[in-house]
Amino acid sequence: MEGYPVTFVVFDILELNGENLRNKPYSERRAILEQIGLGLEKHPNIKLVEQFTDIKDAWDKMQREDREGLILKHKTSIYKEGFRSSNWKKVKNIKEVDLKFTKYEQNPQGITVENSEGIRCLVGGRHQYPVKNILAKQGEVVITIRHLGKTKAGKYRQPVFHKVVKVEA
């Protein structure tokens, strides 16, 4: 823990003492989690994910803490292994930033642009051609990328091309 501190965040419980809990509604599984006691007071690196009943409160807190997003679970949903249920939804906290890129490399999906700080982003499909043309003519292009926040190393998490911002004539 000293060399590589981690936090274990508990979202759900699927089995307890050999009993399969997957067919119980989420509200019952959550109650079981709260009853069994995870030793949270002794182990600060184990956390039970916080629950909200007001989505606006949850969204506001998630944005204040600059988190990736929210998982919305219907209280009556059972756990279906290997299946994406419409009872559980992930809502991402997508951010945008405009960055200047000065070079690219071709790849099978399109081009990967890169800036002077080593930030890289894939530009695929029909969008790659105008970006390549602007780079060839002007030596730089400003692109809006969407991302899920920054890593501790300052890199953008899951950067995705959104649009070209500025084209100088």
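Yes or no, residue by residue, for (1) in the same structural domain as ILE55 (by TED's automatic domain parsing); (2) under 22 Å from the mean Cα position of the chain (by Cα); (3) loosely packed, with under 15 Cβ neighbours inside 10 Å:
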position: THR102; (1), (2), (3): no, no, yes
position: THR112; (1), (2), (3): no, yes, no
position: LEU135; (1), (2), (3): no, no, no
position: ILE143; (1), (2), (3): no, yes, no
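Can you pull out every residue in the stretch 30-68 that is at pLDDT below 90, more than 25 Å from GLU15 (Cβ to Cβ) and touching a helix residue (DSSP H, G or I) at 6+ places or on another chain (Cβ under 9 Å)?
Selection gives ARG67, GLU68.
Are any residues in the stretch 99-153 touching a His at 6+ places or on another chain (Cβ under 8 Å) and at negative phi, and if so, which ones?
Listed by number, the residues that qualify are ILE143, THR144, ILE145, ARG146.
I'm trying to understand the selection: among the residues of the stretch 6-28, which are part of a helix (DSSP H, G or I) and either small (Gly, Ala, Ser) or within 14 Å of GLU81 (Cβ to Cβ) (or both)?
Of everything in the stretch 6-28, just one residue is part of a helix (DSSP H, G or I) and either small (Gly, Ala, Ser) or within 14 Å of GLU81 (Cβ to Cβ) (or both), namely SER27.
Name the residues in the stretch 79-122 that are small (Gly, Ala, Ser) and in contact with a Pro (Cβ under 9 Å, 6 or more places away or on another chain), would you?
Selection gives nothing.
For the stretch 42-73, which residues satisfy the criterion of being in a loop (DSSP other than H, G, I, E, B), touching a residue at least 24 places away in the same chain (Cβ under 8 Å) and within 19 Å of LYS92 (Cβ to Cβ)?
Correct list: VAL49, ASP66, ARG67, GLU68.
Out of contact with any Lys or Arg (no Cβ under 9 Å at 6 or more places or on another chain) and outside the structural domain of GLU140 (by TED's automatic domain parsing): does that describe ILE13?
So ILE13 fails the test.
The values are calculated or read from the model by the stated rules, or taken from the named source; none is laboratory data. If you're wondering where the values come from, they're calculated on a predicted model, not measured in any experiment. Cβ: placed from backbone, ideal geometry, glycine included. Neighbour counts: every protein chain shown.
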